[in-house]
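J.: Let me give you the structure first, and then I'll get to my questions.
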Amino acid sequence: MKKSYLALFTLIAFMQASPVFSQKLHKLNFKTVEEMYDYFKYQPGKKIISGHRGTIENQMPENSIPAMEAVLKHTPAIFEVDPRLSKDGVPVMVHDATLDRTTTGKGKVADFTWKELQGLKLKDHQGNPTKYKINTLEEMIKWAKGKTILNLDKKDLPMEMTAEIIRKHNAYAWVWVTVHNVEQAKFYLDKNPKQYLSMHIKTEKDLEAFKASGLPYDRMIVYIGPEIKPSNQAMYNFFKGKGVLCMISTAPTYDKLPTVAERAEKYRAVFADGATVLESDLPIEVGNAIK
C-alpha cells in the first residue's frame, strides 16, 4: 500500500512539473508606469504581439480571460479587448452590441442585467458553445496585473467611466486606452497624465493634428492601418525618430489568408517593413512565425 501511495505522489509531482500538464505563462510584469513606458520605446528589431480580442485560436472564445491565458502559454503578448455596458451599468467583455455571435444569448447586451448575462456561455469562433462565461472588465483588469497589457477599445462605455475604473485599480502600468482622435487623447491625459494610449494616426491629416496638439509622444503606441503599403514608411520614419512604436492590425487582412504558411510570410513581412507591434486574431500563429 505504501508503495502505491508513493507511486501516486510521484505521478502527481511529475504532472505538476511537466510542461504537458502545467505550462507557465509568458508574462509582462511592470512594477511601475515608468518601467512600462521604457519597455514600449522603439528599439530596432523589437517585435511585440497584440492579441486582437485575445485570440480565436484553439477553440477559445474571444474577449475572455481563458483566451488570453491560452496565448500567454505560448508567447508574451498584449491584448486589445472590448468592454460594453450591461443594462444595470456593469462593464462586461463583449465585442458586439448584440450577444448572438459570441454567446448563447440573443439580443442586445444593453438589454440584459449582469445577473442575466452570467447565465450565458461564450461561443468559440465556429459558433460552438464553450464552458466559459462572460468576464467583467474589473475581473479582467485584476487578472491582467503582472501578466500582460490590456488595451481597452472604445465601445459604449463613457470615457469618464473608463478613466474612473483605471483610477480605482491604479492600473496605469498595465491598462491602456484606444483613442481615435486628439480630443479623446486629451480627455484621458487630463484625467491622469500617466495614462498610456493606443493612438489611431492613419493619415497625414491625423499626423498633422497630433503634431499641432502638443500632446506627448512618450506614452503611446500608434496604430497606422491594417496592411503593408508604401505610405507607411513616412509614418515609420517619423515615429521611430520620436521613440514611438507603430502597430499594424492584420485581423481584417492577412489573418484571412487560407494557409498557415501564407499568413506566416505576411506576419514576418509586416515586421520587416517597419512595424514593431502586430495585432492579430491569431497571436499564437504570429509567435510561431517570428521565432
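Every number in this text was worked out from the coordinates using simple rules, so none of it is lab data. Keep in mind that this is a model prediction, so the values were computed, not measured. Positions of Cβ are generated from backbone atoms using ideal geometry, with glycine treated the same way; all protein chains shown enter the neighbour counts.
J.: Antiparallel versus total DSSP beta bridges in the stretch 52-172: what percent is that, nearest 5?
T.: On the way: 6 of 10 bridges.
So the antiparallel bridges in the stretch 52-172 amount to around 60 percent.
J.: Going by average Cβ density within 10 Å per residue, which order do the peptides 166-176, 111-121 take, highest to lowest? Write down the numbers at each step before the final one.
T.: Numbers: 166-176: 18.5, 111-121: 15.3.
In decreasing order of mean packing, 166-176, 111-121 become 166-176, 111-121.
J.: From the phi of every residue in the stretch 25-37, what ³J(HN,Hα) in whole Hz does the Karplus formula 6.51 cos²θ - 1.76 cosθ + 1.60 yield, where θ is phi - 60° and glycine or proline is x?
T.: Residue by residue, the stretch 25-37 yields 7, 7, 9, 10, 10, 9, 6, 9, 4, 4, 5, 5, 3 Hz.
J.: Please list, by residue number, every one of the GluC sites (Glu not before Pro) in the stretch 202-236 that is coil in DSSP and has at most 15 other beta-carbon atoms within 10 Å. All intermediate terms of the calculation are to be shown ahead of the outcome.
T.: Working: sites: GLU204, GLU208, GLU227; in loops: GLU227.
When the GluC sites (Glu not before Pro) of the stretch 202-236 are filtered for loop state and at most 15 Cβ neighbours within 10 Å, GLU227 remain.
J.: Let me ask something else about it. Taking N as the number of residues in the stretch 115-216, what is its alpha-carbon radius of gyration divided by 2.2 N^0.38 Å? Working shown, then result.
T.: Numbers: Rg = 16.5 Å, N = 102, 2.2 N^0.38 = 12.8 Å.
In units of the 2.2 N^0.38 Å rule of thumb, it is 1.29.
J.: Which aspartates and glutamates have a Cα lying under 14 Å from the Cα of LYS256, excluding residues fewer than 8 positions away in the same chain?
T.: GLU57, GLU227, GLU265, GLU279, ASP281, GLU285
J.: Helix-derived [θ] at 222 nm for the chain: sum -39500 (n - 2.57) over DSSP H runs of at least 4, divide by residue count, nearest 500? The partial results should precede the final answer.
T.: Working: 11 runs with 104 residues, N = 291.
Computed ellipticity for the chain at 222 nm equals -10500 deg cm²/dmol.
J.: Evaluate 2.2 N^0.38 Å with N set to the residue count of the stretch 30-188, then give the Cα radius of gyration divided by it. Before the final figure, lay out each step's value.
T.: Numbers: Rg = 15.7 Å, N = 159, 2.2 N^0.38 = 15.1 Å.
Relative to the 2.2 N^0.38 Å estimate, the stretch 30-188 comes out at 1.04.
J.: Rank the residues LEU85, LEU122 as a footprinting-exposure proxy: fewest other Cβ atoms within 10 Å of their Cβ go first. Mind showing how you got there, number by number?
T.: Details: LEU85 19, LEU122 23.
Fewest-to-most ranking of LEU85, LEU122: LEU85, LEU122.
J.: Return the tail of the calculated pair distribution for the chain, meaning the percent of Cα-Cα pairs more than 34 Å apart.
T.: Numbers: 9761 of 42195 pairs.
So the portion of pairs separated by more than 34 Å is 23 percent.
J.: Can I ask one more? What does the net charge come to around GLU57 if you take all other residues with beta carbon closer than 13 Å to its beta carbon, with K and R at +1 and D and E at -1? Present the calculation step by step, with values, prior to reporting the outcome.
T.: Details: positive: ARG53, LYS73, ARG263; negative: GLU62, GLU69, ASP124, ASP255, ASP281, GLU285.
So the surrounding residues net to -3.
J.: Net charge near LYS106, counting Lys/Arg +1 and Asp/Glu -1 over other residues with Cβ under 15 Å of its Cβ?
T.: Computed value for this residue: +1.
J.: Next question. Whole angstrom only: what separates the Cα centroid of the stretch 58-79 from the Cα centroid of the stretch 96-144?
T.: When both Cα centres are located, 16 Å separates them.
J.: Is any helix in the chain, taking whole DSSP H runs, at least 18 angstrom long along its axis by alpha carbon and on average at least -1.0 on the Kyte-Doolittle scale, and which ones?
T.: Values: long enough: 2-17 (23 Å, 0.92); 260-273 (19 Å, -0.45).
Span-like helices in the chain: 2-17, 260-273.
J.: Compute log10 of I(q)/I(0) for the stretch 79-137 with the Debye formula, placing one identical point scatterer on every Cα and leaving out solvent, at q = 0.12, 0.17, 0.24, 0.25 Å⁻¹, to two decimals.
T.: Log10 of I(q)/I(0), two decimals: -0.23, -0.46, -0.94, -1.02.
J.: So what's the net charge close to HIS74: Lys and Arg +1, Asp and Glu -1, counting the other residues with Cβ under 15 Å from its Cβ? Mind showing how you got there, number by number?
T.: Details: positive: LYS24, LYS27, LYS47, LYS73, LYS147, LYS291; negative: GLU57, GLU69, ASP281, GLU285.
Combined, the nearby Lys, Arg, Asp and Glu give +2.
J.: Spelling out what I want: for every residue of the stretch 42-47, take phi, set θ = phi - 60°, compute 6.51 cos²θ - 1.76 cosθ + 1.60 (Karplus), and round to whole Hz; glycine and proline get x.
T.: 5, 9, x, x, 5, 10
J.: Taking the square root of 5 times each eigenvalue of the Cα gyration tensor, what semi-axes in Å does the equivalent ellipsoid of the stretch 225-291 have, largest first? The partial results should precede the final answer.
T.: Working: eigenvalues 93, 27, 18 Å².
Result for the stretch 225-291: semi-axes of 22, 12, 9 Å.
J.: Same structure again: Quick one: order ARG268, ARG101 by neighbouring beta-carbon count within 10 Å, fewest to most. Don't jump to the answer; show the numbers that get you there.
T.: Numbers: ARG268 15, ARG101 12.
Going from sparsest to densest Cβ surroundings: ARG101, ARG268.
J.: Give the aspartates and glutamates reachable from LYS46 as a straight Cα distance under 13 Å; neighbours fewer than 8 places away on the same chain don't count.
T.: Cross-link targets: ASP38, ASP273.
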